[in-house]
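Every number here is computed from the coordinates shown, using simple stated rules; none is lab data. What you see is a predicted model, and the numbers here were worked out from it, not measured in a lab. Ideal geometry is used to build each Cβ from the backbone, glycine not excepted, and the neighbour counts take in all protein chains shown.
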Protein chains: 2
Amino acid sequence: MSGEVGTSLKARLGAGRRLTGQRKVIADVVQASRDHPDASEIHRRAAAIDPRISLSTVYRTLKVFAEAGLIEQHSFGGPRARVERTPNRHHDHLIDTTTGRVIEFRSEEIERLQAEIARELGYELTGHTLELYGHPLRGKTARTSKS
Amino acid sequence: MSGEVGTSLKARLGAGRRLTGQRKVIADVVQASRDHPDASEIHRRAAAIDPRISLSTVYRTLKVFAEAGLIEQHSFGGPRARVERTPNRHHDHLIDTTTGRVIEFRSEEIERLQAEIARELGYELTGHTLELYGHPLRGKTARTSKS
DNA sequence: TCGTTATTGCAAATTATTGGCAATAAAAAG
DNA sequence: CTTTTTATTGCCAATAATTTGCAATAACGA
Ligand SMILES: [Mn+2]
Ligand SMILES: [Mn+2]
Ligand SMILES: [Zn+2]
Ligand SMILES: [Zn+2]
């Protein structure tokens, strides 16, 4: 009922690419992550499953996964790149500056406006980065919550 | 006719802050820059005016300027932080992925939507990052151009 | 003019990420 | 299943951007 479930990881990696034990583990870790971990956090989680995984391999694997379109990387202001599996439907993020919590959202209207603005400037939009920063309104509790 | 022209750099830096020769030069360089240079480029331009300026001082000065709200820093995808003097009116950027050129734009509607989305999620918007990436439409020449 | 102390230059330190290389293990062949 | 080929890994050194320690220096208020 939701798109593309039947393609193997192996296939998605592309020709010439090997499906190693560490890649399987890292892929599992990324898939299972509902938050947006950075490389060392992924390494921590992966090493907990299989200790024979180095941080270098995590970095190299994330790069391969990114090239294969399996994951997306964000910066969220900080110095370390943060990762999430490529979502079925694109979304952007709001970062709670008081807690660091990351909330996902999607605005059809903003998406449309961005493409329109690019076109008006003479460009075809190929990608974008939209991050909102803010603090909770007094009294109100956030609707969604993901770190 | 445009806001706040009468405040001295010295005053804007805040109490306890000294207006040194290198800070004046760096401020001038930033003011004069119509593009979005990174630290070493600013150092290059500043050193051309006054050789007694080190890269360390550029970094430290940019941090002071940022804290004072005199400049803004962007990443534009790359690894080095890029700088521009705080504009009188906020704007966002479109990066030409074929040339690296940076084009500034402002959309009242997107600005409004962002605040609205944050509010709906239970947050007060305090800042945001919006960067569009794209390539020129065949045949059409970009309207504005700044790197 | 002077004294206090913020600021600077220089070099070393940090932090995140990348790259070299020999050892290892997918997966292609036989 | 065994052999062969070579992508991938672990370890560690190398980068790249930015920060920091410290003694020397220069703002600037008294
Ligand atoms: Mn997300
Ligand atoms: Mn700008
Ligand atoms: Zn979006
Ligand atoms: Zn904006």
Practice problem: Place +1 on the Cβ of every Lys and Arg and -1 on the Cβ of every Asp and Glu in chain B, take the dipole about the Cα centre, and give the residue among B:73, B:107, B:126 whose Cα lies farthest towards its positive end. | Solution: B:73
Quiz item: In what sequence do B:94, A:9 fall when counting other Cβ within 10 Å, fewest first?
Solution: A:9, B:94
Quiz item: What full-extension length gain, to one decimal in nm, is calculated for residue B:67 and residue B:135 as 0.36 nm per residue of separation minus the Cα-Cα distance?
Solution: 21.1 nm
Exercise. Please report the base-10 log of the normalised intensity I(q)/I(0) for the stretch A:21-147, using a Debye sum with one equal scatterer per alpha carbon and no solvent, at each q in 0.09, 0.18 (1/Å).
Key: -0.32, -1.03
Self-check item: Computed [θ] at 222 nm, deg cm²/dmol, the protein assembly as shown (DSSP H ≥ 4; -39,500 (n - 2.57); rounded to nearest 500)
Solution: -11000 deg cm²/dmol
Quiz item: At residue A:66, with labels set 7 Å past Cα in the Cβ direction, how many nm apart are the copies from this one, shortest first?
Solution: 2.0
Self-check item: Three semi-axes of the equivalent ellipsoid, the protein assembly as shown, Cα gyration tensor, whole Å, largest first
Solution: 37, 24, 22
Practice problem: Along Cα-to-Cβ, 7 Å out, sits the label point; list in nm, shortest first, how far the one on residue A:16 is from those in the other copies. | Solution: 5.8
Practice problem: Between the label point of residue B:100 and that of the same position in each other copy, find the distances and list them shortest first in nm, with every label point placed 7 Å from Cα along the Cα-to-C-beta direction. | Solution: 3.3
Quiz item: Modelled label-to-label distance, residue A:88 and residue B:124, 7 Å Cα→beta-carbon offset: nm?
Solution: 3.8
Self-check item: Near-label residues of the stretch B:38-79 by backbone N, under 17 Å of a point 7 Å along Cα→Cβ of residue B:15
Solution: B:68
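Test of the criteria: in the stretch B:1-108, which trypsin sites (Lys or Arg not before Pro) are in a DSSP loop and have at most 11 other Cβ atoms within 10 angstrom of their Cβ?
B:18, B:34, B:52, B:89
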Quiz item: Lysine pairs in chain B 8 or more apart or on different chains: how many have alpha carbons under 24 angstrom apart?
Solution: 4
